[in-house]
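Here's the structure we're looking at; comments come further down.
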Amino acid sequence: MIAVYPGSFDPLTLGHLDIIKRACKICDKLYIAIGKNSSKASLFTDDEKLEMINEALSELELANKVEVEIFSGLLAEYAKQKEAKAIIRGLRVVSDFDYEFQIALSNRMLNSSCETIFLLPSSKYIFLSSTIVRDIAKNNGDISSLVPKNIEAHLKAKFQTK
Ligand code: COA
């Protein structure tokens, strides 16, 4: 079963990695798809995100199952191109649900051969978001329990040069 895990990944967190590991248990191939949410400004470029996610994944034994790509345009079209049967999304809290429900139904309208599967992250990551990680890093806070080591280093470097 081919699945797509889309997101803005600005940056990837341990919460995302948790979902990736869970998704790998139920699919044969997982595309981590870096996309654009038109209402968000990005700290990292798509190419930086691609490199950072690949680095973080190289520490894990998922290499044969997972591929990281950048996509543009509609997620539903990208999923079609990849012949994906599922779009994976993490559901953290009830407040995620309304938005995710709307997007999942829109994606199903656009690509009826693909279902959205919601996975729950470990409870220790339930509060986590990329915005929170960026804010803590920007203010020199400790993010070591929130992101992979390489992402911590990239965030430090990014804010030093800003
Ligand atoms: N751990 C940590 N954080 C998590 C998480 C987890 N398990 N699951 C979700 N999040 C956070 C993300 O970090 C992100 O935080 P942020 O808002 O601070 O950046 C937030 O939850 C959700 O964002 P994300 O998962 O990146 O998705 P998104 O809602 O920004 O959507 C795309 C990004 C690329 C998937 C989406 O915009 C898209 O599909 N774009 C293409 C155009 C399209 O098809 N649009 C839909 C038309 S119906």
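Stokes-Einstein diffusion for segment 70-126, with the hydrodynamic radius set to the Kirkwood value over Cα pairs and evaluated at 25 °C in a medium of 0.890 mPa s, equals 203 µm²/s. Of the peptides 15-22, 55-62, the ranking by mean beta-carbon count within 10 Å, highest at the top, reads 15-22, 55-62.
Ranked from largest, the principal axis spans of the Cα set of the chain equal 45, 34, 30 Å. Length, then width, then depth: along the principal axes, the Cα atoms of segment 28-104 run 34, 31, 26 Å. With N the number of residues in segment 1-59, Rg(Cα) / (2.2 N^0.38 Å) evaluates to 1.12.
How about residue 156: which lysines have a C-alpha closer than 18 Å to its C-alpha, ignoring those fewer than 8 places off in the same chain? Output for residue 156: 49, 138.
Bridgeable lysines around residue 29 (alpha carbons under 17 Å apart, same-chain partners fewer than 8 residues away excluded): 21, 65, 80, 82, 85. Dipole magnitude for the chain: computed about the Cα centre from +1 point charges on Lys and Arg Cβ and -1 point charges on Asp and Glu Cβ, it is near 220 debye. Of the peptides 76-85, 32-41, 3-12, the order by per-residue mean of other Cβ atoms within 10 Å, starting with the highest, comes out as 3-12, 76-85, 32-41. GNM remark for the chain: springs join alpha carbons under 10 Å apart, and the peak mean-square fluctuation among 116, 13, 131 falls on 131. Summed over qualifying helices (DSSP H, 4 residues or more, each -39500 (n - 2.57)) and divided by its residue number, the chain shows a 222 nm mean residue ellipticity of -13500 deg cm²/dmol.
Readers should treat all values here as calculations from the given coordinates under stated rules, not as data from a laboratory. Remember, it's a predicted structure, so these values are computed and weren't measured experimentally. When we count neighbours, we look across all protein chains shown, and the Cβ atoms used for this are built from the backbone with ideal geometry, even at glycine.
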